1. What spacing in nm lies between the two simple spin-label points modelled at Ala9 and Trp28, each 7 Å away from Cα in the Cβ direction?
2. How large is the charge dipole for region 34-181, taken about the Cα centre, if only the Cβ atoms of Lys, Arg (+1) and Asp, Glu (-1) carry charge, to the nearest 20 debye?
3. Could you work out how much longer the chain between Ala512 and Thr413 gets when fully extended? Use 0.36 nm per residue separation minus the Cα distance between them, nm to one decimal.
4. Once you charge only the Cβ atoms, +1 for Lys and Arg and -1 for Asp and Glu, what is the size of the charge dipole of the chain about its Cα centre, to the nearest 20 debye?
5. Which value, in debye to the nearest 20, describes the size of the charge dipole of region 388-450 about its Cα centre when Lys and Arg Cβ atoms bear +1, Asp and Glu Cβ atoms bear -1, and nothing else is charged?
6. For an R0 of 25 angstrom, estimate the FRET efficiency from the Cβ-Cβ distance between Lys113 and Thr80 and round to the nearest 0.05.
7. Can you tell me how much longer the chain between Leu492 and Phe165 gets when fully stretched, taken as 0.36 nm per residue apart minus their C-alpha distance, in nm with one decimal?
8. Nearest 10 degrees is fine. How inclined is helix 261-273 to the longest principal axis of the chain, computing both from alpha carbons?
Amino acid sequence: MTSNEQRAALQRQIWAIANDVRGAVDGWDFKQYVLGTLFYRFISENFIDYITGGDAAVHYAAMADSDPNIAAAKDDAIKTKGYFIYPSQLFANVAAKANTNESLNTDLANIFKAIEASASGYPSEHDIKGLFADFDTTSNRLGNTVKDKNARLAAVLKGVAELDFGHDFYENSDASHIDLFGDAYEFLISNYAANAGKSGGEFFTPQQVSKLIARLAMHGQSSINKIYDPACGSGSLLLQAKKHFDAHIIEEGFFGQELNHTTYNLARMNMFLHNVNYDKFNIQLGDTLIEPHFGDDKPFDAIVSNPPYSVKWIGSDDPTLINDDRFAPAGVLAPKSKADFAFVLHALSYLSSKGRAAIVCFPGIFYRGGAEAKIRQYLVDNNYVETVISLAPNLFYGTTIAVNILVLSKHKTDTDIQFIDASGLFKKGTNNNLLLDEHIGQIMAVFDSKENVDHFTRSVPLEDVAANNYNLSVSSYVEAKDNREVVDIAKLNAELKTTVARIDQLRKDIDAIVAEIEGGGVEV
């Protein structure tokens, strides 16, 4: 069995477990328990690997919590890993006794509190605090009685415990050190998103689209100081940068802000599950537009984002915002009913002079009038717009619209704006269209070369865009290919003449037969 086949087998197994153990509970409501349990197993095994130094002869799980060696190692362990887990609190030990533990739900709640509390007073406190907040072991979603709750929790623990993350699992893979837990977590998140309807797209960007966005933001940079996502969801966009680029080129780590508390926790778990240590990421909770974090950490060399489309925000109802450093240069605020350009201007203000921002945008912002037209004028006149890319429809979860990617840069070497029509680059999927590696390669090739290709890409002088009312719609500059069948008029006329001649001859033959019948010349 190849590594890809093994990966597919693991994914089928984990999704089957996720569906089996939830019973009648909606999968969307149950996701925290499966994802949280996978995370619990990961940090347990990761901690064992750290505390034993990878020495299989040291059986940490079998040690007593009161062992003096454990107490001696605690302080350094928390400073390094960010948290501490005693042997009795390890996933393996809890899972082994889960079926017979009548206080499983309260034991788990106490373990999660203890793991979070272990970071109190340490630099990792913010990154650990509240990680298990959505893993509510007393919730009626698990059952109406304690017995029912424990039975379902035990089923989740057992299912996750049976997943094979053995060291030989990817024995045929390359040296990229694929993170099995991280891969499984991403798979689960993507499936939950795909089955969650509209809300799914609010916390997860499909991996291939994330890959394209990360490549655009980091293109041509041998190293960046840090990468930032102002609406980070589950962190998938940030982690694509880690997955597809050598980790050492992202010098100071991963930064993101998320409004939804549950999704904020998913993002932090996602970081840990991809072996991004607490000191290499900073995910904050809050409204990016009115309570932005990281003002002291900017500028960022790479910014990636898939902000919510056309959401409402306070806008002009807060008179102080027009003086905000992020929005003041444009001279106007994004409409209260459509915050899209507020996210764009926020990203631009956090971007370094050498960096790029790649932002997924609702297409309407590129041609509508009013305040949005004035913001486009500001972006174009100051030569911040490098590229606008139109993608195929139905690539994202929860929406079928064909969105755009806006690439901003503060280091352009000319004043042309590139437009790429990638709306025809997709593979038809069961529920969603798919962006393949070959499609990403085609887009990146022309993004790099800036060459004009008929019906695909065109670089337009800034002055021409300004003369076109600062319209940034790709269709205004890249002529769509006419896929209608080409008709050979000369050939068609010749065929018509032949057909008409045959019809005339048939009419003559029929007239002759009728005449013979009427004249009595034909016996019946």
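1. For Ala9 paired with Trp28, the spin-label model returns 3.5 nm.
2. Here the size comes out at about 660 debye.
3. Value of the extension gain: 27.4 nm.
4. The calculation lands at about 720 debye.
5. Charge dipole, region 388-450, about its Cα centre: 160 debye, nearest 20.
6. 0.70
7. Gain on extension, Leu492 to Phe165, equals 111.2 nm.
8. Its long axis makes an angle of about 80 degrees.
The values are calculated or read from the model by the stated rules, or taken from the named source; none is laboratory data. Nothing here was measured: the structure is a model prediction, and the numbers come from that model. Glycine also receives a Cβ, built like all others from the backbone with ideal geometry; neighbour counts cover every protein chain displayed. For the accessible areas, the whole protein counts, side chains as well, though only heavy atoms, and no ligand, DNA or RNA atoms are used. Shrake-Rupley method; radii C 1.70, N 1.55, O 1.52, S 1.80 Å.
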